[in-house]
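The values are calculated or read from the model by the stated rules, or taken from the named source; none is laboratory data. A quick note: this is a predicted structure, and the numbers were derived from the prediction, not measured. Backbone-built Cβ (ideal geometry, glycine too); neighbour counts: all protein chains shown. Surface areas here come from the heavy atoms of the whole protein model, side chains and all, with no ligands, DNA or RNA. Shrake-Rupley method; radii C 1.70, N 1.55, O 1.52, S 1.80 Å.
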Amino acid sequence: MGLTGEVVVERPANREHGDYASNTAMRLARSNSRSPRDIAELLATALRRIDGIKSVEIAGPGFLNIGLAAAAQGALVSTIAQRGVAYGRTETLAGQHINIEYVSANPVGPVHIGHTRWAAVGDSLARLMVATGATVVREYYFNDAGAQIDRFAASLDAVARGEQIPGDGYRGGYIADVAAEVVQANQGLLEEPREKALEVFAHDGIELMFTAIRKSLADFGVTFDVYFNEREMHASGAVEATVRKLRDAGHVYEADGAVWLRTTDFGDDKDRVIVRSDGRPTYFCADLAYYVDKRERGADKVVILLGADHHGYIGRMRSLVSGLGDNPDETLEIIIGQLVNIRGGKMSKRAGNLLTLEELVEAIGVDAARYALVRSSMDSTIDLDLDLWASQTSDNPVFYVQYAHARIASLLRNAADLGHSLPPLAGVPLELLSQEKESDLLGALGEFPRILAAAAQFRAPHRVARYLEALAGTYHRFYDACRILPRADEEPAPEMAPRLWLCETTRTVLANGMGLLGVSAPERM
RNA sequence: GCCCCUGUAGCUCAGGGGAUAGAGCGCUACCCUCCGGAGGUAGAAGCGAAGGUUCGAAUCCUUCCAGGGGCACCA
């Protein structure tokens with residue numbers, strides 16, 4: 001037709017606008033300098049010739065409203081049934097090698113609520129990226145040396161000796177537990193010189209802490225492909241090598257005894273120190289080397305999830321990437337997410353009473369915790385109402401979704417008990433799925449692959465949760481309008497088999513979606 | 001002072017340029033001949049403010065107001 005431009009087809013909000021609708025004619029009008037109505041006429045004529053399209057109407061300024069034949073709609077059931085757990089997967093991110101880093105809590109304390117959000121979101125995002133065809137490495141970066149660790153060891157040491165914890169130390173309740181365990185495992189430790197004791201506290205304390213962290217995360221359904229230790233990178237000379245590379249590129253200068261990176265050349269608001277005046281590299285310097293390492297390991301996109309309190313990190317990091325000769329728009333993606341509040345109280349790692357991952361799970365369970373943390377846009381601060389998420393009522397969104405799944409599972413069990421197990425799909429008259437609520441449900445199921453693709457592309461796993469809530473609602477409305485199993489003294493209706501299959505495919509989509517969020521899909525509740 | 005995020009129904013939040021702005025909870029009135037009522041139907045109720053771009057703006061731009069988070073030779 002001689003037209004160029006992007007084509008967008010979507011489910012219209014209003015059923016009167018057909019099964020699918022497109023604004024293509026309006027989008028194309030400007031670039032092709034023809035009127036929207038003319039283009040719409042051309043497209044409509046072509047579309048009407050396609051098998052399975054029942055009607056094409058032009059509405060308003062140039063919308064195309066497309067109606068599908070019942071058989072074409074029902075065919076979706078076959079598609080979903082055949083693809084099963086793979087339904088929804090696409091290749092939209094195929095070919096991309098993504099390294100995604102999240103949580104990265106140092107082993108000086110338990111995983112707190114802020115980290116927990118990134119555990120839930122990062123894990124779901126990684127699953128989405130895999131489901132859309134990307135090659136993904138999930139990564140956890142940690143440091144077990146340095147000032148933070150010294151304070152940790154000093155805190156353990158002080159508690160073990162019954163002394164007061166230093167002002168800049170850690171004072172959570174776990175400190176006493178860890179200290180006791182270290183002392184238990186090292187008889188006579190407190191009689192050793194303090195230097196020696198601190199070393200043991202640091203080494204053993206970190207090991208205990210990190211084991212506990214990994215267990216908490218694993219119980220939460222979150223594991224990583226790589227646990228990356230910063231210290232090893234210093235030891236291998238990778239940090240020095242990166243400094244040399246930047247120096248050779250002319251981005252480095254010395255002032256006040258320290259080595260500075262001229263990040264202002266790349267838009268940062270001030271230059272940054274990479275080697276302190278005492279000769280020790282800064283954390284930022286290690287981050288440079290770490291980025292290089294990820295790239296050398298094959299990542300063409302380095303994704304990092306961070307809390308809002310780290311947003312100042314973006315400018316620095318982008319400057320660095322530019323200094324190394326990469327284009328940060330292409331290879332670096334720092335996702336900043338907002339923080340989590342529990343009933344108004346805010347979390348601080350140094351403060352004694354913080355809510356940990358384990359405490360959260362204990363209060364509301366893994367499913368509710370993961371769902372609650374992944375259901376909101378990362379740009380939104382979450383105010384977590386523990387009472388709501390602990391409740392077993394439909395106030396609780398995760399229950400609403402899980403209930404729909406359990407209800408279907410129950411229905412299919414009942415059907416089997418009545419001798420109506422799912423029949424082979426080949427002989428099922430799927431074209432009978434032509435009622436409004438059936439059509440609505442089919443339309444919703446058909447959207448799933450697009451939802452996943454968009455959620456992965458926009459790094460927005462919450463879209464999956466919102467979709468599942470909408471799908472659960474659509475199913476309940478179908479269920480309310482369409483009787484499936486025969487009543488006591490009735491024969492099965494011809495619609496029974498296709499409806500059973502419609503239920504089964506809905507169950508599949510709900511389960512696939514919940515799987516991407518790390519939430520269980522219960523057979524009964 | 002500068003930077004980032006947010007402001008949508010009474011509450012918690014969706015809505016990444018399209019048609020009459022949605023969901024859950026809460027409220028009001030219904031559906032118990034209903035396979036899981038942990039469900040469904042109907043109703044009241046909303047884009048912080050002002051400009052601008054566009055055929056079309058909750059969405060993009062500017063300013064202002066309000067809330068949150070940052071601005072280290074800490075991590």
Exercise for review: Residues that are near RNA strand B (Cβ under 9 Å from one of its atoms) and β-branched (Val, Ile, Thr): find the strands (runs of 3 or more DSSP E) completely inside region A:250-297 holding 2 or more of those.
Suggested key: A:272-275
Practice item. Considering only residues that are away from RNA strand B (no atom under 16 Å from the Cβ) and hydroxyl-bearing (Ser, Thr, Tyr), look in region A:73-107 and name the one that is most open to solvent (accessible area, probe 1.4 Å). Key: A:79
Review point. Of all helices (runs of 4 or more DSSP H) completely enclosed by region A:357-436, which ones contain at least 3 residues that are within 8 Å of RNA strand B (Cβ to nearest atom) and in contact (Cβ under 8 Å) with a residue 24 or more places away in the chain?
Key: A:397-417
Practice item. Would you check which residues across region A:1-20 are among the aliphatic types (A, V, I, L, M) and under 18 Å from residue A:76 (Cβ atoms) and list them? Key: A:9
Exercise for review: State yes or no: is residue A:149 surrounded by 19 or more Cβ atoms within 10 Å (Cβ to Cβ) and either at positive phi or at pLDDT below 95 (or both)?
Suggested key: yes
Exercise for review: For residues that are surrounded by 14 or more Cβ atoms within 10 Å (Cβ to Cβ), at pLDDT 90 or above and either of a type in the set (A, V, I, L, M) or over 19 Å from residue A:246 (Cα atoms) (or both), tally how many sit in region A:311-323.
Suggested key: 3
Review point. From A:57, A:41, A:10, which residue is open to solvent by 80 Å² or more (accessible area, probe 1.4 Å), within 16 Å of RNA strand B (Cβ to nearest atom) and in contact with a Leu (Cβ under 9 Å, 6 or more places away or on another chain)?
Key: A:57
Exercise for review: Take region A:226-245 and flag every residue that is of a type in the set (D, E, K, R) and open to solvent by less than 40 Å² (accessible area, probe 1.4 Å).
Suggested key: A:230
Exercise for review: Would you mind stating whether residue A:130 is modelled with pLDDT of 95 or more and either open to solvent by 50 Å² or more (accessible area, probe 1.4 Å) or more than 31 Å from the chain's Cα centre (by Cα) (or both)?
Suggested key: yes
